[in-house]
Amino acid sequence: MHRITVTAVLVLGVLVSLGRTFAAQDGDTPPSRYMGGPAELVTAPNGAIANAEVLEATPKIMYLEPTTEKVAEGVWCIGGYSIANTTVIEAEDGLIVYDTGDNIEEAEHIREAIGKISDKPIKVIIYSHSHYALGGGALVDNPEDVMVIGHPTLNDTVEANLEGGGAPGGAYGEIGPVLTARAVVQMNNFLPEEGPDARLSGVIPVGIPISFLPATVTPEHGETMDVLGIEMQFLTEFTSDDHNLTVWIPEKGIVLNNFYWPGTPNLYTLRGGVYRDPRIWRDGLAMIRDLEPEILLNTHARPVIGKEEVMKRLTGYMDQITLTFDQTLRGILGGLGPDEIRHEIYYPPHLKEIAENAQTYGENIHFPAAIYQYAVGWFDNDVTELYRIHPDEEAERMVALMGGRDKVVAAAKKALDQKEYAWAAQVIQYAYRLDPTDKEVRELKADILRKMGQLATGSIARAFLLSEARALEGDVTIPRLIPPTPETIAGSPATFVDYFRVRIDPRKSRDTDRVLKFVFTDEDGQAVGLHVRRGIAEYLENPADHYREADFVLELDGETWAKLYLSEIDLAEALDSKAVKLKQGDKNELVEVFALFDRFQPARNITVPAPDDLTHMIR
């Protein structure tokens with residue numbers, strides 16, 4: 001027992017030492033530019049004020065204008081028409097196309113570019129992953145004459161995305177409307193085309209038709225196929241929510257992939273989403289590297305040509321991901337919390353030699369916290385965090401502690417003048433929480449966020465910061481959530497009866513115990529239910545099997561349920577108009593039970609894409 005105790009003490013000593021030496025001793029710490037550190041601001045051709053690093057790095061790593069580049073005999077890369085590139089391979093009997101654009105409009109431009117390369121017909125379409133697979137039908141005249149190759153899970157994933165209630169990638173469909181609202185901010189939909197706040201990258205297209213051709217061939221990992229006389233090996237491992245299909249063409253020394261991006265990969269995205277294990281990305285890149293390809297063709301990034309260059313770039317790109325992951329775990333071993341680790345990971349200068357390591361989409365500083373929470377959970381071993389007071393109460397106390405609202409505003413202005421933008425944002429937020437309508441506070445917060453947005457290298461952080469600044473100034477209205485379309489709800493009413501359960505108010509319903517049964521007339525009489533039981537609403541997939549009989553039986557169609565779900569009509573109104581027929585139970589009591597659920601109050605009169613437009617291009 002004594003030996004175990006001594007060992008534990010020794011280990012603790014090592015970890016404490018590690019924690020003390022973990023911080024970077026040289027180099028630029030990630031947030032320094034937000035605290036007065038060196039950074040150069042320039043003006044883009046559209047008037048956008050941005051970090052010079054972004055305008056310098058982006059053209060090197062991705063196509064900004066429509067481009068067709070011949071990378072090998074019979075192989076072309078087409079870029080600039082979509083967020084994704086399209087690879088075209090010429091075989092004796094036809095063309096092989098890797099990725100098809102986001103929608104019909106993009107695919108038509110790509111088809112025109114392909115026509116300038118060859119007059120041979122497209123015989124094979126290959127999807128790199130579940131995004132950028134929605135233009136295939138516009139590339140060909142007769143889909144039945146085309147072999148479509150995709151990851152074994154691709155068809156189900158695309159179908160689920162198209163039928164979902166919000167932006168894809170979330171852990172829980174119930175919160176899809178929140179992720180959708182955050183996604184349109186991430187993708188620049190609230191930034192103008194021109195001016196100081198102008199966007200530097202694309203927006204989510206709205207209302208453009210799609211034409212998805214389902215995969216007809218779904219190879220397993222390592223499977224080799226003869227594709228129009230060209231031997232191809234298909235690699236399906238090392239994939240998560242993207243369902244990547246990597247293609248190795250030995251005779252040409254070419255790899256087609258979706259692992260190598262123009263910019264550090266999004267190990268976490270600010271719009272929210274499921275955890276992305278960095279090891280999957282790391283191991284997928286290692287798999288490609290170990291094939292020793294001579295040409296690397298990428299879904300997003302410009303081609304990399306030359307065996308030595310490919311090896312160098314793949315290794316350096318993989319090493320930055322590895323470093324982010326491993327050093328986060330090292331920080332955990334050193335007793336650091338996520339807010340400390342994100343500031344202290346050191347990236348050796350040689351990693352910047354890899355152009356694609358530029359932080360032009362996501363930024364490394366936002367990744368460690370996501371890794372930490374997945375690995376350990378939210379508790380960072382700081383016991384003072386166990387019972388934090390409500391943020392509003394904290395703001396009230398902090399403002400008082402700092403001498404009142406005017407002192408807080410003065411401190412934030414001073415920090416702004418000293419270019420300590422990150423600190424200024426933290427300080428002004430206390431005053432903002434106490435009174436979000438305070439005009440002076442809103443203007444000051446907007447000024448601070450705009451400075452941070454201009455300094456940001458990542459387009460995602462820039463979009464969030466500048467969009468919020470514009471909202472504070474009244475130029476845009478950013479919705480808190482964007483609900484699914486009525487058509488989506490009506491197409492799967494049972495799903496949204498299930499999702500409705502999370503809108504129950506536990507205070508209002510604490511003494512209620514009632515079972516509701518919904519019978520959908522346009523779904524062959526499908527019956528589902530909700531048991532409102534003292535603070536919760538249990539979803540009943542089959543009410544007939546429930547231990548309690550229904551107190552209320554409602555008969556309606558999916559379209560009516562969509563209106564109720566979206567709070568476009570009241571239940572009493574629907575009952576009076578016979579859109580909902582009450583087959584069992586008291587009308588007035590049912591209306592009271594329904595009132596226990598929150599109503600949707602989405603922002604109105606704003607132009608944002610419907611959730612169906614978000615299902616294929618958000619990473």
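Odds and ends about this structure:
- DSSP-assigned coil residues among GluC sites (Glu not before Pro) in segment 86-145, each with at most 15 further Cβ atoms within 10 Å: E92
- Rounded to the nearest 5, the antiparallel percentage of DSSP beta bridges internal to segment 40-161 is 65%.
- Radius 11 Å from Cβ of A422, net charge of other residues (Lys, Arg +1; Asp, Glu -1): +2
- FRET efficiency estimate (nearest 0.05) - Cβ-Cβ, Y539 to F379, R0 30 angstrom: 0.50
- Segment 57-69 - phi-based ³J(HN,Hα) in whole Hz, Karplus 6.51/-1.76/1.60, Gly and Pro as x: 7, 4, x, 6, 10, 8, 7, 9, 10, x, 9, 10, 10
- A simple rule links phi to the HN-Hα coupling: the Karplus curve 6.51 cos²θ - 1.76 cosθ + 1.60 with θ = phi - 60°, which for segment 583-593 gives 8, 7, x, 8, 4, 4, 5, 4, 4, 5, 5 Hz, with x for Gly and Pro.
- Using only side-chain charges placed at the Cβ, +1 for Lys and Arg and -1 for Asp and Glu, the dipole size of the chain relative to its Cα centre rounds to 2340 debye.
- Selection from L455, I489, V519 lying farthest towards where the dipole of segment 429-527 points positive, charges on Cβ: L455
- Prolate/oblate/rounded call for segment 486-594, Cα gyration tensor, a/c under 1.5 rounded: rounded
- Sites D435 and T224 - FRET efficiency at Förster radius 45 Å, r taken between beta-carbons, to 0.05: 0.10
- In terms of the mean number of neighbouring beta-carbon atoms within 10 Å, the peptides 288-298, 354-364 order highest first as 354-364, 288-298.
- If the convex hull is drawn through the Cα atoms of the chain, its volume per residue in Å³: 211 Å³
- Taking the Cα centre of segment 486-594 as reference, the dipole from Cβ charges on Lys and Arg (+1) and Asp and Glu (-1) amounts to some 480 debye.
- Dipole of the chain, positive direction: furthest Cα of F594, M402, T87, with charges on the beta-carbon: M402
- Comparing L267, L465, P250 along the charge dipole axis of the chain, the residue lying farthest to the positive side is L465, per the Cβ-charge model.
- Over segment 182-296, all Cα pairs binned in 10 Å intervals from 0 give whole-percent P(r) values of 11, 31, 31, 21, 6, 0, listed from short to long.
- Stretching F600 away from E237 to a fully extended chain increases their span by 126.6 nm, per 0.36 nm per residue minus the current alpha-carbon distance.
- DSSP beta bridges in segment 486-594 [antiparallel fraction, %, rounded to 5]: 75 percent
Computed from the coordinates by the stated procedures, all read-outs in this text should not be read as laboratory data. All values reported here derive from a predicted model rather than from experimental measurement. As a convention, Cβ positions derive from the backbone with ideal geometry for all residues, glycine included, and neighbour counts pool all protein chains shown.
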